[in-house]
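The values are calculated or read from the model by the stated rules, or taken from the named source; none is laboratory data. Keep in mind that what you see is a predicted model, and the values were worked out from it rather than measured. Neighbour counts are summed over all protein chains in view; Cβ atoms, including those assigned to glycine, are modelled from backbone coordinates with ideal geometry.
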């Protein structure tokens with residue numbers, strides 16, 4: 001564990017807490033893409049299949065359980081909570097996300113570290129995570145106005161990936177024979193997807209104005 | 001053959 005990875009995990013955790021806070025405090029999921037949240041639930045479930053086979057550390061296991069439970073809780077709220085579900089922007093959240101799932105799985109069948117069920121699903125989860133934010137970004141762009149908590153949620157989610165890139169650079173420099181081709185490449189793609197959002201987030205932050213994305 | 005490393009990251 002180094003400071004970059006810890007910072008990445010903490011910003012990731014913070015992003016999820018912000019989203020839960022937004023949903024509970026405002027009883028609204030307006031501006032939140034249920035499709036992105038469902039993709040994250042799939043990502044965590046398929047990546048953490050090793051919960052049952054490999055023990056890394058108490059921290060590792062704890063975080064995995066938190067990520068799976070929180071993503072399922074968010075999806076549950078958006079689908080079934082009697083009040084929250086009514087604020088779901090169904091007509092704006094129309095990204096065809098099954099395409100992302102299919103493409104990620106196909107890529108995992110081609111590019112993986114080892115051809116086994118667990119390794120193919122692990123690679124699948126990495127590829128899917130890289131693009132899982134797309135429905136959320138499309139929804140934000142369509143709705144134009146972004147409320148503060150949703151904006152901060154996306155910002156911290158992007159920050160998490162940026163910290164992980166620093167973590168890989170650090171590990172590459174300090175650990176012998178350290179390579180993370182699959183995670184590293186996907187991580188760069190994932191972070192790049194946030195570039196546009198980051199740009200407008202910083203502009204609004206600098207001007208102390210509400211975040212607006214151009215149509 | 002080379003075994004994949006344990007995935008120690010989240």
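In summary, residue A:109 fulfils each of the numbered conditions (1) closer than 19 Å to residue A:39 by Cβ; (2) touching a residue at least 12 places away in the same chain (Cβ under 8 Å) with the single exception of condition (2). Within region A:54-69, the set of residues being away from chain B (no Cβ under 13 Å) and either closer than 15 Å to residue A:1 by Cβ or in contact with a helix residue (DSSP H, G or I) (Cβ under 8 Å, 6 or more places away or on another chain) (or both) comprises A:58 only. For region A:167-181, which positions are at pLDDT 95 or above and either assigned to a loop (DSSP other than H, G, I, E, B) or surrounded by 19 or more Cβ atoms within 10 Å (Cβ to Cβ) (or both)? If the condition is that a residue be at pLDDT 95 or above and either assigned to a loop (DSSP other than H, G, I, E, B) or surrounded by 19 or more Cβ atoms within 10 Å (Cβ to Cβ) (or both), then A:167, A:168 are the ones that fit. Residues in region A:5-29 that are in contact with a helix residue (DSSP H, G or I) (Cβ under 6 Å, 6 or more places away or on another chain), away from chain B (no Cβ under 11 Å) and assigned to a helix (DSSP H, G or I): A:7, A:11, A:14, A:15, A:16, A:18, A:19, A:22, A:23.
For beta carbons closer than 7 Å, sequence separation of 6+ or different chains, a first residue in region A:47-58 that is exposed (fewer than 11 other Cβ atoms within 10 Å of the Cβ) and a second that is not in a loop (DSSP other than H, G, I, E, B), there are no qualifying pairs. Could you please let me know if residue A:1 is assigned to a loop (DSSP other than H, G, I, E, B) and either within 14 Å of chain B (Cβ to nearest Cβ) or without any contact (Cβ under 8 Å) to a residue 24 or more places away in the chain (or both)? Criteria met by residue A:1.
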